[in-house]
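Visitor: Sending over a structure as structure tokens; questions will come in a sec.
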Amino acid sequence: MRIAIVGGHGKVALQLHPLLVEAGHQPVALVRNESYHDELRRLGAEVRLLDIEQAEATDFAEAFSGCDAVVFAAGGGPDGNIERKQTVDLEGSLKSVHGATEAGISRFVQVSAIGVDHLPSPDRGEVWRAYVEAKRDADAALRASDLDWTIIRPGRLTDGPATGLVALGPEVAHGDVTRADVAAVLAAVLDDDAAVGHQWNLVGGDTPVADAVARAAA
Ligand SMILES: NC(=O)c1ccc[n+]([C@@H]2O[C@H](COP(=O)([O-])OP(=O)(O)OC[C@H]3O[C@@H](n4cnc5c(N)ncnc54)[C@H](OP(=O)(O)O)[C@@H]3O)[C@@H](O)[C@H]2O)c1
């Protein structure tokens, strides 16, 4: 498959590209900055330019052309900018869903975050609340779409090495998970049609990734 990754230079995405190549796929990294080109090419990704906030849904469809699946792995990041929760985490996902539909692509995997269906306590602050609401609303819109979706909701991301061992499922409790393990789960669900129509929390655990996906989808 040719797989478009929105947020193709993110820390999870950078670990996903080589896994997709290894599995025989062609990752297409959608990025806003031309300077990422060489690094991404070295990881085996094709590179296309797409600024999530400037682009319209039709631009997304064009950027997805020739692809068989879309992964939404972008995020406004921890810069404290409340507006970017709306323009990247929510609207970026909505435009990706519309773009995929327009481009005739049915498979769509979204990186969300654990616990976002519950509003945080007010002491977490308004930026965190905006982030949670953006992820929650993006997931709801994707679930309501006609796409063949899978939503992965990781716990707190860390930069440790891949462990290959996770806990994955609708009711899995909060915890940490390495970005490398998130990438491995994304690669696994892209290759498993049984993962379609599922929304799973993901944290580090004791089940090998392939078994965790198979069990969660059973
Ligand atoms: N941090 C956590 O603990 C945590 C927990 C659960 C879920 N998540 C979610 O997991 C996902 C992946 O995390 P990550 O650590 O890989 O995130 P990341 O490294 O911050 O990557 C996000 C990517 O989105 C891109 N992006 C932002 N605005 C853009 C725009 N206007 N146009 C094009 N690209 C844009 C960024 O591009 P640039 O490289 O150009 O900045 C960046 O590469 C995110 O959705 C995050 O919200 C995070």
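Please treat every number below as a calculation from the coordinates, not as lab data. From a predicted model like this one, the values you see are computed outputs, not experimental measurements. Note that each Cβ is placed from the backbone with ideal geometry, even for glycine, and that neighbours are counted across all protein chains shown.
Visitor: Taking Leu90, is it in contact with a Leu (Cβ under 9 Å, 6 or more places away or on another chain) and either under 17 Å from Ala138 (Cβ atoms) or within 14 Å of the ligand (Cβ to nearest atom) (or both)?
Guide: No.
Visitor: Would you please list the contacts, defined by Cβ atoms under 8 Å and residues six or more apart or on different chains, that run from a residue in the stretch 118-144 that is within 23 Å of Lys95 (Cβ to Cβ) to a residue that is hydroxyl-bearing (Ser, Thr, Tyr)?
Guide: Hits for this filter: Lys135/Ser112; Ala138/Ser93; Ala138/Ser112; Asp139/Ser112; Ala141/Ser93; Leu142/Ser93.
Visitor: Name the residue that is farthest from Gly125 (Cα to Cα), counting only residues in the stretch 70-104 that are hydrophobic (A, V, I, L, M, F, W, C) and surrounded by fewer than 23 Cβ atoms within 10 Å (Cβ to Cβ).
Guide: By that ranking, first place goes to Ala103.
Visitor: Can you name the strands (runs of 3 or more DSSP E) wholly within the stretch 1-72 that have at least 1 residues being of a type outside the set (A, V, I, L, M, F, W, C) and more than 9 Å from the ligand (Cβ to nearest atom)?
Guide: It comes to 2-6, 26-31, 46-49.
Visitor: Let me ask something else about it. Quick one: what pairs do we get from the stretch 70-93, first residue closer than 14 Å to Val132 by Cα and in contact (Cβ under 8 Å) with a residue 24 or more places away in the chain, second in a helix (DSSP H, G or I) and among the aromatic types (Phe, Trp, Tyr), C-beta under 7 Å, 6+ apart or different chains?
Guide: Lys85/Tyr131; Asp89/Tyr131
Visitor: Hey, another quick one. Condition (residue is surrounded by fewer than 23 Cβ atoms within 10 Å (Cβ to Cβ) and among the hydroxyl-bearing types (Ser, Thr, Tyr)) applied to the stretch 57-66: is it met by at least one residue?
Guide: yes
Visitor: Output the residue which, of all residues in the stretch 26-52 that are farther than 15 Å from Leu14 by Cα and over 17 Å from the mean Cα position of the chain (by Cα), is surrounded by the fewest Cβ atoms within 10 Å (Cβ to Cβ).
Guide: In this case the residue turns out to be Glu34.
Visitor: From the residues in the stretch 152-167 that are under 15 Å from the mean Cα position of the chain (by Cα) and buried (at least 23 other Cβ atoms within 10 Å of the Cβ), which one is farthest from the ligand (Cβ to nearest atom)?
Guide: So the residue we want is Ile152.
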